[in-house]
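Structure first, commentary second.
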Amino acid sequence: MKTEYYLSLLKESQEEIRVMADDKRKETYANVITFSRNVFVPVTHQCRNRCAYCGFVSDDPGSWIAIENYRKLLDQAKNLFCSEVLITLGEKPEEKYPSARHFLEKQGFDSTVDYVNHLCEIALNKKLLPHSNLGVLSYEELAKLKDSNVSLGLMLESSSSRLMEKGEAHYYSPGKDPSLRISTIENAGKLKIPFTTGILIGIGETWEERAESLIVLAQINEKYNHIQEIIIQNFNPQLNTPMSNFLPPTDDDILLTVALARVLFPPEVSIQIPPNLNKDRIYDVIFHGVNDFGGISPLTIDYINPNMDWQQEKDLQKELHTRDYILRERLPVYPKYEKYLSTIIREIIEEHYKNERTFTP
Ligand code: SF4
């Protein structure tokens, strides 16, 4: 794949790439836009990294979720017909914080991975489907989580190691070394773990680096065929962060990146944007190739972007309906990957299919 070719398309033939992307979306998804109804569980805000745009990270030892509160949250999620438990947390907190090690020890766990694994098993016992994002993971850690998750996630964010340099967004974030993230995504491929990844745009990367990041992901997927969705996440400035005064990416940045992703990836890989970060351009992102809105929660906020409320499902439905699009719920694993999951998880998935709501076939 030639970065120069795609860059020239973006520079010289923007309408052409938009039409290519929209046609490709229509061929596979017609007028259907999918989402997953979830409960968002921030396990801890402690993290070994310090990304310059992050408003999620905190030193607070009290930010760990207690198992009792977690169980209550899952019960509420069940009552609201959520299927996905989106587990998100800072990366390897025990590497940096004695308080994290103390919390884990007190709970009887050797590592954050073991604690999250336990939380996922609790979710499965309640017939809910966990999808976890723990940051960079080893092959062995991924293998452990495979049995308790329907899918796992890790944003590549960017393949550019330049963003690790002094003054750049990832300077204080060892876990954002692209080689570590690529290795995690590849190991997930080797283990046949259905995977969600993507890029974060507007954090100081050039157009060339943005295109290269997508090309790297497309090449990994060509090899392992395990990437079920690509998120194009737009940087959204957060208060009290070093990048709070940075401008967010422009409409063109977002839309053309979406179109590029749609053109680069096979049609069955969903192109996803978070709808709460794109409220004013919902149709535009669809016309540029988006077919999925990711997780939307009727219960919890977007802890990564707490300044951006989720749209209510019925409001999104209404908005899409005015242009003849349909909002349809899906599960946090795509049907073609179910064969890689454990029998227990497949049985729970079957039960979700049997309920009255409609899922993507
Ligand atoms: S963005 Fe993720 S990895 Fe970076 S500091 Fe925040 S929680 Fe940690």
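The values are calculated or read from the model by the stated rules, or taken from the named source; none is laboratory data. Treat the numbers as computed from the prediction; the structure is a model and nothing was measured. Neighbour counts are summed over all protein chains in view; Cβ atoms, including those assigned to glycine, are modelled from backbone coordinates with ideal geometry.
Structure above, values below:
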{"quantity": "Residues that are polar (S, T, N, Q) and over 19 Å from R346 (Cα atoms), drawn from region 110-135", "calculated": "S111, T112, N133"}
{"quantity": "Count - residues of region 196-207 that are assigned to a loop (DSSP other than H, G, I, E, B) and either of a type outside the set (S, T, N, Q) or under 24 Å from S342 (Cα atoms) (or both)", "calculated": "4"}
{"quantity": "Counted residues, region 141-158 - those being small (G, A, S) and more than 18 Å from N234 (Cβ to Cβ)", "calculated": "3"}
{"quantity": "Sole exception among (1) at pLDDT 95 or above; (2) of a type outside the set (A, V, I, L, M, F, W, C); (3) under 24 Å from C120 (Cβ atoms) for T343, by number", "calculated": "(1)"}
{"quantity": "Some residue of region 308-325 being surrounded by fewer than 15 Cβ atoms within 10 Å (Cβ to Cβ), in contact with a Phe, Trp or Tyr (Cβ under 8 Å, 6 or more places away or on another chain) and not acidic (D, E)", "calculated": "yes"}
{"quantity": "Residue match in region 210-226 (condition: touching a residue at least 12 places away in the same chain (Cβ under 8 Å) and either within 15 Å of the ligand (Cβ to nearest atom) or not in a helix (DSSP H, G or I) (or both))", "calculated": "yes"}
{"quantity": "Residue in region 262-273 that is out of contact with any Ser or Thr (no Cβ under 9 Å at 6 or more places or on another chain), on the phi > 0 side of the Ramachandran plot and not in a helix (DSSP H, G or I) present", "calculated": "no"}
{"quantity": "Every residue from region 254-266 that is among the charged types (D, E, K, R) and either at pLDDT below 95 or surrounded by fewer than 16 Cβ atoms within 10 Å (Cβ to Cβ) (or both)", "calculated": "none"}
{"quantity": "Test set (1) more than 18 Å from the chain's Cα centre (by Cα); (2) aliphatic (A, V, I, L, M); (3) within 24 Å of V333 (Cβ to Cβ) - V263 fails condition number", "calculated": "(3)"}
{"quantity": "S132 being at pLDDT 95 or above, more than 24 Å from A261 (Cα to Cα) and of a type in the set (G, A, S)", "calculated": "no"}
{"quantity": "Residue within region 167-177 that is among the basic types (K, R), in a helix (DSSP H, G or I) and closer than 30 Å to S58 by Cα present", "calculated": "yes"}
{"quantity": "Which numbered condition L134 fails, given (1) touching a Gly at 6+ places or on another chain (Cβ under 8 Å); (2) under 17 Å from R48 (Cα atoms)", "calculated": "(1)"}
{"quantity": "Tally of residues being free of Cβ contacts under 8 Å to residues at least 24 places away in the same chain and either within 11 Å of the ligand (Cβ to nearest atom) or within 19 Å of G175 (Cβ to Cβ) (or both) across region 59-77", "calculated": "1"}
{"quantity": "Considering residues of region 78-97 that are aliphatic (A, V, I, L, M) and assigned to a loop (DSSP other than H, G, I, E, B) only, the residue farthest from the ligand (Cβ to nearest atom)", "calculated": "L80"}
{"quantity": "Where L86 falls short, out of the listed (1) within 24 Å of L320 (Cα to Cα); (2) surrounded by 21 or more Cβ atoms within 10 Å (Cβ to Cβ)", "calculated": "(1)"}
{"quantity": "Residue that is nearest to L142 (Cα to Cα), among those in region 164-196 that are buried (at least 18 other Cβ atoms within 10 Å of the Cβ) and within 12 Å of the ligand (Cβ to nearest atom)", "calculated": "R181"}
{"quantity": "Residue check, C47 within 14 Å of the ligand (Cβ to nearest atom), touching a His at 6+ places or on another chain (Cβ under 7 Å) and at pLDDT 95 or above", "calculated": "no"}
{"quantity": "Region 109-150, residues that are more than 16 Å from the ligand (Cβ to nearest atom) and in a loop (DSSP other than H, G, I, E, B)", "calculated": "F109, D110, S111, K126, K127, L128, S138, D147, S148, N149, V150"}
{"quantity": "Among residues of region 178-195, those that are assigned to a helix (DSSP H, G or I) and in contact with a His (Cβ under 8 Å, 6 or more places away or on another chain), counted", "calculated": "2"}
{"quantity": "Options R281, R357: the member that is surrounded by fewer than 19 Cβ atoms within 10 Å (Cβ to Cβ) and either at pLDDT 95 or above or part of a loop (DSSP other than H, G, I, E, B) (or both)", "calculated": "R357"}
{"quantity": "Selection within region 19-44 - of a type in the set (S, T, Y) and either within 16 Å of the ligand (Cβ to nearest atom) or part of a loop (DSSP other than H, G, I, E, B) (or both)", "calculated": "T44"}
